[in-house]
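Contents: one structure, followed by commentary.
The values are calculated or read from the model by the stated rules, or taken from the named source; none is laboratory data. Fair warning: this is a prediction, and the values are worked out from it, not measured in the lab. Neighbour counts run over all protein chains shown; Cβ positions are idealised from the backbone, glycine included.
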Amino acid sequence: MTAVFGAEAATAPGAPVPSGPVVVDRQDPRYAELVRGDNHRFVGQPDRVVLVRSAQQAAEALRGALATGSRVAVRSGGHCPEAFVAGSDVRVVIDLSLMTDVSYDPRMNAVAIEAGATVGHVYKSLYRNWGVTLPAGVCTAVGMGGHITGGGYGPLSRLHGLVADHLYAVEVVHVDRTGTVRTQVATREPDDPNRDLWWAHTGGGGGNFGIVTRFWTRSKETTGTDPAGLLPRAPGALRIAMANWSWDQCDPAAFARITGNFMDWHAEHSAPGTPFAGLFASLWVRHRTGGGLTLFAQHVDDDPEAEAKLSGFLRAVNAGSGTEPFVLRKHLPWLTGSRFMGQADSGPVMGARLKTKAAYLRTAYSEEQLATLHRWFTKEDYFGRESLMMLNGYGGAINAVGPAETSSAQRDSVIKAAYSAAWDDPAEDERHLAWLRGLYEELFADTGGVPAPGPRTDGSYINYPDTDLADPGRNTSGVPWHDLYYRDNYPALQRVKETWDPLEVFRHALSVRLPSTSAAPATEGS
């Protein structure tokens, strides 16, 4: 199939001419909704929000902002936990949420996905049109613009890799060295002169190089022109289990056994080609004031051994704990079952103030780390109804890709961990931040308070950004923040930055820096 190279992507033949952008200023009643994302700790104060419907409109909005010297930020779904879009110096927000089309593009022989489409919308469109899917996440309201550019992972990633592993091309509105706004399509084809721009968007993070307005997705080594054969087939159904342990059941020994068993199983069954790639599990540990331990697990039903493998996994996690968890089992069609773990899109965390941290884990926690976790999650002087740790199964097909093949460098982990707190009252900010920072920094005390690359850990995930990692008072490892996120790929990302955003129009507290620019980030949004 011949790739389409060129300076600007044309609207698909026969497509209707889109209507104009929507401009929302401070007097508009929609302003309050559009100047904040998922994290209500940070509320922007831009002069206007421009909701665009095409790459052309995004380019026009960007030209208008540059003409007045206005600082620009870009948003697709609004799930960034830091103040990258809500910075006090941002004067224009370019919002992509009206760009939601998912369609087959015969020119690219790929499925095109606009950057404002949410994970849930993409799931439905891919599945109902062609019976295919992408290994994306469980939070269905997340925008694809940020999800894919950070790598993107979810319950099918152990089976099919990262979302970025299926990225064929990107459409990016950027600013060249002369200050001219241009729109560029870049593909993964080896002879594409702009391939570096594609590579940077396979894990380099959003808001770094330009405005990504469209992705084209096609799995590697696919043949034919039927879109039903260009991406992974969706499972027919899922076998699902949810197990709950109360804190009354989890003394330090039982907690260590359950959590350690979960991690040991993944350390044993996360190599490329594992026969357990169809099983995904996530262990949620809530502070004792908000619940206990909840294990979500699923296995694709296409495997005739799915039931046996899922049941064996549940037994392995609980082995030797001396407890009997409450277990719920379900057998659901895939699209319905894909929403089972997506509880982060609703409920008490809506409108909350948030802080998030993350770590790639290469092995299970040590005995000392498990004891640390138990102590912090059972603290009696802290109320954290929505404070939790998630240990998410990783590896499998993810680890079959080399660390330099995409800009997602962490390719030998077995667990991706997330640590977070959510609360409502601004007066409680410091209390919840102190709890989360204290837990995280003690957990990784042996490596400078962060998951520094080494035998046990491999840095952090840019889609769960944490500006604390750039604070030398909190990151005492000597490993700079950009190496925690990008490992050895950071110099290459800097070269992409120098080529495609040489004026640093697109920047935030943890953005890729030009080689000539200090690596120290802005402090806002910590």
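Observations on the model:
- Within segment 75-109, the set of residues being aliphatic (A, V, I, L, M) and either outside the structural domain of G210 (by TED's automatic domain parsing) or part of a strand (DSSP E or B) (or both) comprises V92, V93, I94, V102.
- The condition (being surrounded by fewer than 21 Cβ atoms within 10 Å (Cβ to Cβ), part of a loop (DSSP other than H, G, I, E, B) and in contact (Cβ under 8 Å) with a residue 60 or more places away in the chain) is satisfied by just one residue among P455, P451: P455.
Residue-by-condition table, conditions (1) surrounded by 24 or more Cβ atoms within 10 Å (Cβ to Cβ); (2) among the small types (G, A, S); (3) free of Cβ contacts under 8 Å to residues at least 60 places away in the same chain:
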{"position": "G396", "(1), (2), (3)": "yes, yes, no"}
{"position": "R431", "(1), (2), (3)": "no, no, yes"}
{"position": "D446", "(1), (2), (3)": "no, no, yes"}
{"position": "G459", "(1), (2), (3)": "yes, yes, no"}
{"position": "T467", "(1), (2), (3)": "no, no, no"}
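- Matching residues, segment 277-321, being under 22 Å from A400 (Cα atoms), buried (at least 23 other Cβ atoms within 10 Å of the Cβ) and not hydrophobic (A, V, I, L, M, F, W, C): G278, Q298, H299
- Subset of segment 452-490 [closer than 11 Å to A409 by Cα, among the polar types (S, T, N, Q) and not assigned by TED's automatic domain parsing to the domain that holds K357]: N489
- Within segment 325-336, tally of residues that are farther than 25 Å from T140 by Cβ and either buried (at least 18 other Cβ atoms within 10 Å of the Cβ) or without any contact (Cβ under 8 Å) to a residue 40 or more places away in the chain (or both): 1
- Residue, farthest from A141 (Cα to Cα), within segment 51-64, restricted to residues that are of a type in the set (A, V, I, L, M) and surrounded by fewer than 24 Cβ atoms within 10 Å (Cβ to Cβ): A59
- If the condition is being touching a residue at least 60 places away in the same chain (Cβ under 8 Å), of a type in the set (A, V, I, L, M) and surrounded by 19 or more Cβ atoms within 10 Å (Cβ to Cβ), then segment 469-496 contributes L493, V496.
- Filter result (surrounded by fewer than 21 Cβ atoms within 10 Å (Cβ to Cβ) and either part of a helix (DSSP H, G or I) or at pLDDT below 95 (or both)) within segment 497-518: E498, T499, P515, S516, T517, S518
To keep it simple, each residue is scored yes or no on (1) aliphatic (A, V, I, L, M); (2) part of a helix (DSSP H, G or I).
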residue	(1), (2)
G204	no, no
V212	yes, no
W216	no, no
G224	no, no
A228	yes, yes
R239	no, no
A254	yes, yes
